[in-house]
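Contents: one structure, followed by commentary.
Just so it is clear, none of the values below were taken in a lab; they were calculated from the coordinates. Only a predicted model underlies this, so the values are computations on that prediction, with no experimental measurement involved. All Cβ positions, even for glycine, are placed from backbone atoms using ideal geometry, and neighbour counts span all protein chains on display.
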Amino acid sequence: MKTLNRKIAPVFNPIKQISMLPAAFKVLNNGLSCYTLTQTGSGICKIEWVFNAGYVYQQKPLIAYFTNQLLECGTATKSNAEFNEAMDNFGSFLELQCDQDIAVITLYALKKYIEPSIRLVHEMLQAPTFSETELERFRNQHLQDYKIQSQKVHTQARRLFLKSYFGEAHPMRHL
């Protein structure tokens, strides 16, 4: 077996061409705009819903993040466990992300179960419970981490920079 000599840099090869799937723009019957990419043969679908709902829209720290993360913790008709079991039964899963100015819900589902998986996401968005029990559990899990992160020098420096750059009243000061 040949060992690597880490003192010698690897050969540099510039990228000559990047092949990207073409995106098609569509306006749905309900007026929503979407972009679609089609890749045949995978049997897996990925759908991203992007909302204007990030940190700049929150009145207090962590509200946008908590709201986004608690969406999948139960609906009007399903508990947290029931919702997750239903997603598992379809071979589907969600990624929930919250950034500065957007919140993103990403659904990964098998093509044959895309419709029932979308119905679950619809229910999650239309009838989330935000139960007190789940909120308290989530808060306890993340509050300590938030406190630790808040003590770090790079976090404090970023907050001071953003506050001085944007001013006290600007929503971006909380990032």
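Only helical runs count toward this figure. For the chain, summing -39,500 (n - 2.57) over DSSP H runs of n ≥ 4 and dividing by all residues gives -12000 deg cm²/dmol at 222 nm. The Rg/Rh ratio for the chain is 1.07, where Rg is the radius of gyration of the alpha carbons and Rh is the Kirkwood radius.
Other residues whose C-beta falls under 12 angstrom from the C-beta of Asn68 contribute a net charge of -3, scoring Lys and Arg +1 and Asp and Glu -1.
Extension gain, Tyr57 to Gln151, is 31.4 nm, computed as 0.36 nm per intervening residue step minus the present C-alpha separation. A full extension of the chain between Asn84 and Gln126 corresponds to an added length of 13.5 nm, given 0.36 nm per residue minus the alpha carbon distance. Put in order of Cβ neighbour count within 10 Å, fewest first, the listed residues Met87, Met20 become Met20, Met87. Defining a contact as two alpha carbons under 8 Å apart and six or more residues distant in sequence, what relative contact order in percent does the chain show? With pairs under 8 Å counted, the relative contact order is 22 percent.
Looking at segment 62-149, which trypsin sites (Lys or Arg not before Pro) are DSSP coil and have at most 12 other C-beta atoms within 10 Å of their C-beta? Of the trypsin sites (Lys or Arg not before Pro), not one in the loops of segment 62-149 has a Cβ with at most 12 other Cβ atoms within 10 Å.
Basic side chains Lys and Arg get +1 at the Cβ, acidic Asp and Glu get -1 at the Cβ, and with that the dipole of segment 24-174 about its Cα centre reaches some 520 debye. Listing Thr38, Thr155, Thr67, Thr3 from fewest to most neighbouring C-beta atoms within 10 Å gives Thr3, Thr38, Thr155, Thr67. With the simple spin-label model, which puts each label point 7 Å out from Cα in the Cβ direction, the Asn29 to Glu48 separation comes to 2.7 nm. Using the Cβ of Ala127 as centre and a radius below 15 Å, the other residues enclosed give a net charge of -2, where K and R count +1 and D and E count -1. The count of lysine pairs in the chain that are at least 8 places apart or cross chains, and whose C-alpha atoms lie under 21 Å apart, stands at 9.
Mean-square fluctuations from a GNM of the chain, with a 10 angstrom spring cutoff on Cα atoms, peak among Val11, Val153, Val121 at Val11.
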